[in-house]
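Structure, as structure tokens:
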Amino acid sequence: MSDPREKKIAFEKHIRFSESSLWELQRCYYDKVGIDAWINVIPFYITSNPFIATAYAQITTKFIRDWIEKNPEARKHSFYIVEFGAGPGRFGYYTIKAICELLHAAKMSDVLVCYVMTDCTRKNVEYYKSHPALQSYIDKGLVDFAVYDLDSKLPINLLKKNISLSPGTLFNPLIIFGNYMLDSITHDLFSCQDGKLNELLLNFSTDENNLIENIPTDLSRVTVDYFAQEIEKKVYYDDKNIDSILELYKDTFQNTSFSIPIGAIRVLDYLKSFSGDKLLLITTDKGYTHLESLDYLSPSISFHEYGCFSMMLNFHAIARYCKNSGGDYFFQTPRPGIKSAVFCCGFKLEDFTSLGLAVNEWIEEFSPVDYFNLHRQMSDMLNTCNLEAILSHLSLSHWCPNFFLKASKKIIDLLASADSESIEFLSHNMAKLASNYYFMPKSECVLFEIGVFFHAIKKYAEALEYYGKAKPFVGEQFGFFYNTGLCLYHVGKKKEALLNFKNAFRISPDSKETQKWIEYLEETISDK
Ligand SMILES: C[S@@+](CC[C@H](N)C(=O)[O-])C[C@H]1O[C@@H](n2cnc3c(N)ncnc32)[C@H](O)[C@@H]1O
């Protein structure tokens with residue numbers, strides 16, 4: 001928070017937003033914090049859970065199927081799926097996993113796909129490259145990586161395959177994912193009032209002690225003032241397609257401010273040239289989809305306390321841009337929360353039947369935002385939920401570790417009175433839950449909690465298996481050794497149990513329980 005008594009200095013004056021240094025400063029922020037940005041700092045569950053990943057995978061695989069049906073030659077060539085601004089990489093992992101499972105189920109495992117995880121910061125890309133969950137996909141050539149700045153409009157250099165995706169190199173349409181991303185690249189701001197169109201020029205200010213050589217060190221302490229300047233000419237961008245969107249807004253709006261996601265539009269224009277002007281984009285963000293929702297708004301850039309900024313994305317302008325250039329789009333009926341949308345260039349969605357059905361099912365009928373809204377309420381109400389409701393939500397979530405970790409204590413409490421069907425159902429799906437584990441530093445490990453579940457239902461061999469799987473991630477902890485000791489005792493391995501209790505005692509010498517176990521086992525082992 002800025003101190004109101006501090007002297008404010010304008011470090012940028014009367015600047016067009018897309019030309020502001022703020023975009024570069026935001027990239028520097030991500031570069032500085034790297035993967036730490038995702039450890040209890042920037043919330044990312046909403047766009048990085050197995051449900052949203054399944055939705056994207058369903059739409060993508062149906063598109064691939066339809067495309068091959070119409071273009072049999074396509075089967076001989078790779079489908080590149082590029083995720084921009086992949087953040088911590090968890091969405092990418094869930095998505096390529098779901099795509100492979102769906103292709104397998106559809107007997108299409110021979111289709112060549114390559115999922116490319118990209119981010120502007122090398123630190124994130126380095127993190128994915130060595131991530132244990134991704135290694136088997138990397139080995140099979142199903143996953144690749146690139147450091148990529150969407151504002152650069154340069155070829156995408158794949159770090160594993162050592163090839164470049166660039167204009168004219170792809171046979172099949174490029175498939176693009178970008179969540180909470182298109183609002184992170186350059187925008188311009190405008191206003192309409194009394195039939196006039198104005199560009200908004202911006203002054204960015206901050207307190208004096210937040211500036212080093214006229215550069216703010218903490219973006220959360222930046223404030224902004226807007227100055228409207230009438231645009232009299234019909235040509236602003238020198239691009240008929242984008243200028244026609246400004247013209248439409250000028251003729252439609254009564255009194256509003258809006259943004260043009262110029263970075264997103266320009267990069268789509270460039271990326272579609274990779275694959276003969278054909279491209280499919282699936283994206284989720286906060287923003288405005290419908291024309292009427294863009295009227296009567298004030299300009300707004302949100303500076304977040306964790307050090308970067310975001311805006312509401314003008315989905316409508318991207319849709320107009322795609323439509324004007326012969327493409328298409330699908331918006332969900334507006335509902336509270338984030339919005340998911342599908343855009344395409346070079347073809348119409350209605351020409352692809354399975355794709356259309358999948359878009360309807362996963363974007364309109366029950367979409368990522370519906371899942372998230374329900375998930376949030378379920379998480380808040382866990383204490384009053386019965387086991388049946390928790391199991392149904394786990395199933396709806398596609399066995400999401402994040403929800404299981406929230407619910408595991410409650411599940412263990414409810415196991416005492418649970419029926420055998422519920423216990424069977426949970427046990428049966430533990431492997432799915434485990435396969436969704438994506439390691440993040442300083443975060444809980446679901447593999448250990450699965451061990452606790454099996455331990456609680458007295459399936460000691462299974463509990464030991466999961467405690468063992470958790471060990472590389474949880475390290476040498478009291479809980480690990482103590483629980484492992486208990487399970488080893490129950491499967492009759494007393495000597496190994498003793499060793500584990502001794503390790504536990506080394507870590508927590510105050511534990512009376514551990515001491516008793518050591519004494520008891522030493523006695524029983526020496527009695528033999
Ligand atoms: C708000 S985060 C979203 C991360 C993730 N997609 C999610 O849904 O949580 C924005 C991501 O975009 C990346 N980013 C920011 N500016 C970028 C740019 N110009 N080009 C490519 N990536 C960028 C950041 O490093 C960050 O990972």
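Relative to the first principal axis of the alpha-carbon coordinates of the chain, what is the inclination of helix 368-380, with its axis defined by its Cα atoms, in degrees from 0 to 90 and to the nearest 10?
40 degrees
For region 377-418, just run the numbers: alpha carbon Rg, then divide by 2.2 N^0.38 Å, N being how many residues it has. Each step should come with its number before you reach the end.
Values: Rg = 9.3 Å, N = 42, 2.2 N^0.38 = 9.1 Å.
Taking the Cα Rg and dividing by 2.2 N^0.38 Å, one obtains 1.02.
For the chain, compute Rg over Rh where Rg is the Cα radius of gyration and Rh is the Kirkwood radius from the inverse mean 1/r over Cα pairs. If you can, show how the numbers build up before the last one.
Details: Rg = 26.6 Å, Rh = 25.7 Å.
Reported Rg/Rh, Kirkwood definition of Rh: 1.03.
If region 372-527 were replaced by its equivalent ellipsoid, with semi-axes equal to the square roots of 5 times the Cα gyration tensor eigenvalues, what would those be, largest first, whole Å?
Three semi-axes, in Å: 31, 17, 14.
Return the calculated 222 nm mean residue ellipticity for the chain, to the nearest 500 deg cm²/dmol, obtained by summing -39500 (n - 2.57) across DSSP H runs with n ≥ 4 and dividing by the residue count. Mind showing how you got there, number by number?
Numbers: 18 runs with 225 residues, N = 528.
Computed mean residue ellipticity for the chain: -13500 deg cm²/dmol.
Using the Karplus curve 6.51 cos²θ - 1.76 cosθ + 1.60 with θ = phi - 60°, work out ³J(HN,Hα) for each residue of region 446-462 in order, rounded to whole Hz, and write x for Gly and Pro.
For region 446-462, the Karplus-derived couplings read 5, 4, 5, 5, 5, x, 4, 4, 5, 4, 5, 9, 6, 9, 5, 5, 5 Hz, x marking Gly and Pro.
State the dimensionless ratio Rg/Rh of region 1-92 (Rg: radius of gyration of Cα atoms; Rh: Kirkwood radius).
Numbers: Rg = 20.9 Å, Rh = 17.7 Å.
Ratio of gyration radius to Kirkwood radius: 1.18.
Would you mind checking the pairs LYS32/LYS140; LYS432/LYS458; LYS410/LYS458; LYS471/LYS493 and listing those with alpha carbons more than 23 angstrom apart?
Working: LYS32/LYS140 32 Å; LYS432/LYS458 20 Å; LYS410/LYS458 17 Å; LYS471/LYS493 19 Å.
In this structure, LYS32/LYS140 lie more than 23 Å apart at Cα.
Wrap a convex hull around the Cα atoms of region 225-353, take a quarter of its surface area, and give that in square nanometres.
Numbers: hull surface 39.2 nm².
If you wrap the Cα atoms of region 225-353 in a convex hull and average its projections, you get 9.8 nm².
Residue farthest toward the positive end of the dipole of region 372-527, with Cβ of Lys/Arg at +1 and Asp/Glu at -1: which of LEU486, TYR520, CYS445?
So the residue we want is CYS445.
Arrange CYS344, CYS385 by Cβ neighbour counts within 10 Å, fewest through most, would you? Write down the numbers at each step before the final one.
Details: CYS344 25, CYS385 18.
With the sparsest Cβ surroundings first, the list reads CYS385, CYS344.
Measure nothing but the geometry: give the 0 to 90° angle between the long axis through the Cα atoms of 315-324 and the longest principal axis through the Cα atoms of the chain, rounded to 10°.
Roughly 60 degrees, rounded to the nearest 10.
Taking amide H positions as placed 1.01 Å from N in the peptide plane, with prolines and chain starts having none, which residues 5 or more places from PHE11, or on another chain, fall under 5 Å of its amide H?
The answer is PHE204, SER205, THR206.
Where does region 155-205 land on the Kirkwood hydrodynamic radius, alpha-carbon pairs, in angstrom? Could you put the intermediate results ahead of the total?
Numbers: mean 1/r = 0.0645 Å⁻¹.
Taking the inverse mean of 1/r over all distinct Cα pairs, region 155-205 comes out at 15.5 Å.
Find the Cα radius of gyration of region 487-528, compare it with 2.2 N^0.38 Å by division, and give the number to two decimals. Don't skip to the answer; put the middle values down first.
Numbers: Rg = 9.8 Å, N = 42, 2.2 N^0.38 = 9.1 Å.
In units of the 2.2 N^0.38 Å rule of thumb, it is 1.08.
Would you work out the relative contact order for region 372-527, in percent, from Cα pairs under 8 angstrom that are 6 or more residues apart? Don't jump to the answer; show the numbers that get you there.
Details: 150 pairs, mean separation 21.4, N = 156.
This gives 14 percent for region 372-527.
What percent do you get for the relative contact order of the chain when only Cα pairs under 8 Å and 6+ apart count?
Working: 892 pairs, mean separation 72.7, N = 528.
It rounds to 14 percent for the chain.
Readers should treat all values here as calculations from the given coordinates under stated rules, not as data from a laboratory. Being a predicted model, the structure only gives us computed values, none of them experimental. Using ideal geometry, Cβ is built from the backbone for each residue, glycine included, and neighbour counts are taken over all protein chains shown.
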